[in-house]
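Participant: Please see the structure below; I have some questions.
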Amino acid sequence: MSTLLRARRLLTERGWLDDHQLRIEEGLIAAIEPVPAGVTTWDAELLCPAYIDTHVHGGAGVDVMDEAPDTLDRLAMHKAREGVGSWLATTVTAPLASIHSALARIARRCLSGGPGAQVLGSYLEGPYFTPQNKGAHPPELFRELAIAELDRLIAVSQCTLRTVALAPEKPGALEAIRYLRRQGVRVMLGHSAASWVQTRAAFDAGANGLVHCYNGMSGLHHREPGMVGAGLTDSRAWLELIADGHHVHPAAMRLCGSCAKERLVLITDAMQASGQPDGQYSLCGEEVTMRGGIVCTASGGLAGSTLALDAAVRNMVEHAGVLPEEAIHMASLHPARLLGIDNQLGSLSVGKRASLIALDSGLHLQRIWIQGQALSL
């Protein structure tokens, strides 16, 4: 069965195509071609690749660490309503047994499929951090790096563990980075007090980039550029960015857009309060409070976000001065390249999976197709 979608503008890796149509066959993009003369009806104002959120802890009142059997299904539907076609379920610092249990649940959902946005695998955020920039992570549960332990995590995940976050100044960090990269696992650096030199050494060892740039790391100083300076100036580094205006000031968002436009990966870092009303929630086993959409610990520190990825795209356009197509790439093509799946997802191209979204002229979501199937929102 073939599906034909006609758009006033269609976004490819090379830019916009006006008055084009896209044909879907068996869940793949079969053709992209000009709309025939005389066509007066359109399926989309803007037809774009579905977003990929590589860093998600929760939303819709649930958390990736929850054991309830419908947790990942509920979260996958919640993400699809933001225009997300695929995502990484992200764990937090917790007892090792709890992390193993979460990785196993994510693996089952990843391999079996289900409703909503596609689960691409897992992202391990913690417990390999240092206390100085712990964020909401409980430092008493931080662990030292050991290859045997990492190997066990990969095995428990049935090789669906896609990303590991760690602090590069920890003993054995460079060896761990090299090991993980040999296993095909991406490594992001964060929740760390590492220096510029230590961060650059981690990039030399194969680390892929920074966890939520600016947050939970040594900042930029003119005599010690720190982790932020290393990430902004190293062309090898992908930079996750929580573009909500709270975690990162709009001027700092603009700086990322100026220094690392082709290396920015928009993420939500969303926790269970995303899409929910203000009130009390939990993260990393600690009670947190959301007021005005901002979640904080009892001590006043930020505790994850409630950002939606489609809002992050609009924020980059409105507050960081990037072009709409650039912001869309930051939430689709760039995360696909980071994960090494840009031959399948991340842009509209013949032969790739038909995961795409229809947006209005203000970049608000109208419709979403995942693996060629229209999803009811």
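The values are calculated or read from the model by the stated rules, or taken from the named source; none is laboratory data. Just so it is clear, the structure is predicted and the values come from calculations on it, not from any experiment. Using ideal geometry, Cβ is built from the backbone for each residue, glycine included, and neighbour counts are taken over all protein chains shown.
Participant: Scan L307, L345 and give me the residue that is at pLDDT 95 or above, under 19 Å from the mean Cα position of the chain (by Cα) and in the same structural domain as D63 (by TED's automatic domain parsing).
Facilitator: Just one listed residue meets the conditions, L307.
Participant: Also, quick follow-up: Within the set of pairs 6 or more residues apart or between chains, which connect a residue that is more than 22 Å from I370 (Cα to Cα) inside the range 12-39 to a residue that is in a strand (DSSP E or B) with Cβ atoms less than 6 Å apart?
Facilitator: So the pair list comes out as D18/R9; P34/H20; V35/R6; V35/D19; V35/Q21.
Participant: Any idea which of (1) closer than 24 Å to S376 by Cβ; (2) not in a strand (DSSP E or B) is the one G85 doesn't satisfy?
Facilitator: Single failed check for G85: (2).
Participant: Out of the residues in the range 96-135 that are in contact with a Lys or Arg (Cβ under 7 Å, 6 or more places away or on another chain) and of a type in the set (S, T, Y), which is farthest from M77 (Cα to Cα)?
Facilitator: T130
Participant: Looking at the range 157-169 only, could you name the residues that are in contact with a Leu (Cβ under 8 Å, 6 or more places away or on another chain) and buried (at least 19 other Cβ atoms within 10 Å of the Cβ)?
Facilitator: Selection gives S157, T160, L161, R162, T163, V164, A165, L166, A167, P168.
Participant: Starting from the range 163-187, take each residue that is in contact (Cβ under 8 Å) with a residue 40 or more places away in the chain and under 19 Å from L103 (Cβ atoms) and list its partners that are in a loop (DSSP other than H, G, I, E, B) and of a type in the set (S, T, Y), counting only C-beta distances under 8 angstrom and pairs at least six apart or across chains.
Facilitator: So the pair list comes out as V164/Y128; A165/Y128; A176/Y128.
Participant: Hey, any hits in the range 132-155 for a residue that's at pLDDT below 95, assigned to a loop (DSSP other than H, G, I, E, B), under 26 Å from S98 (Cβ atoms) and among the small types (G, A, S)?
Facilitator: Scanning the range 132-155, I find at least one residue that is at pLDDT below 95, assigned to a loop (DSSP other than H, G, I, E, B), under 26 Å from S98 (Cβ atoms) and among the small types (G, A, S), so the answer is yes.
Participant: Moving on to the next point. Return the residue satisfying two criteria in turn: it lies in the range 254-272 and is closer than 29 Å to E286 by Cα and either out of contact with any Gly (no Cβ under 6 Å at 6 or more places or on another chain) or of a type in the set (S, T, N, Q) (or both), and of such residues it is surrounded by the fewest Cβ atoms within 10 Å (Cβ to Cβ).
Facilitator: Top of the filtered list is Q272.
Participant: So which residues in the range 58-82 are closer than 20 Å to A336 by Cα and either among the acidic types (D, E) or in a loop (DSSP other than H, G, I, E, B) (or both)?
Facilitator: Within the range 58-82, R81, E82 qualify.
Participant: Condition (residue is over 20 Å from V92 (Cβ atoms), assigned to a helix (DSSP H, G or I), at pLDDT 95 or above and touching a helix residue (DSSP H, G or I) at 6+ places or on another chain (Cβ under 6 Å)) applied to the range 166-177: is it met by at least one residue?
Facilitator: yes
Participant: Something else now. What residue, of R263, R200, is in contact with a strand residue (DSSP E or B) (Cβ under 7 Å, 6 or more places away or on another chain) and either modelled with pLDDT of 95 or more or not assigned by TED's automatic domain parsing to the domain that holds A176 (or both)?
Facilitator: When all the criteria are applied, what remains is R263.
Participant: Can you report the number of residues in the range 39-55 which are within 11 Å of L348 (Cβ to Cβ) and assigned to a loop (DSSP other than H, G, I, E, B)?
Facilitator: 1
Participant: Could I ask something else about it? Could you count how many residues in the range 1-38 are loosely packed, with under 13 Cβ neighbours inside 10 Å and not in a strand (DSSP E or B)?
Facilitator: Within the range 1-38, residues that are loosely packed, with under 13 Cβ neighbours inside 10 Å and not in a strand (DSSP E or B) number 6.
Participant: Within the set of pairs 6+ apart or on separate chains, which have a first residue in the range 209-221 that is within 9 Å of M188 (Cα to Cα), a second that is small (G, A, S) and surrounded by fewer than 24 Cβ atoms within 10 Å (Cβ to Cβ), and C-beta atoms under 6 Å apart?
Facilitator: G209/A237
To keep it simple, each residue is scored yes or no on (1) without any contact (Cβ under 8 Å) to a residue 60 or more places away in the chain; (2) buried (at least 19 other Cβ atoms within 10 Å of the Cβ); (3) not in a loop (DSSP other than H, G, I, E, B).
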{"site": "A97", "(1), (2), (3)": "yes, no, yes"}
{"site": "S101", "(1), (2), (3)": "yes, no, yes"}
{"site": "A104", "(1), (2), (3)": "yes, no, yes"}
{"site": "G114", "(1), (2), (3)": "yes, no, no"}
{"site": "L124", "(1), (2), (3)": "yes, yes, yes"}
{"site": "Y128", "(1), (2), (3)": "yes, yes, no"}
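Participant: Looking at this structure, is V119 closer than 22 Å to P139 by Cβ, surrounded by 20 or more Cβ atoms within 10 Å (Cβ to Cβ), of a type in the set (V, I, T) and at pLDDT 95 or above?
Facilitator: no
Participant: Give the number of residues within the range 259-284 that are charged (D, E, K, R), within 17 Å of the chain's Cα centre (by Cα) and either in a loop (DSSP other than H, G, I, E, B) or under 15 Å from A311 (Cβ atoms) (or both).
Facilitator: Qualifying residue count for the region: 1.
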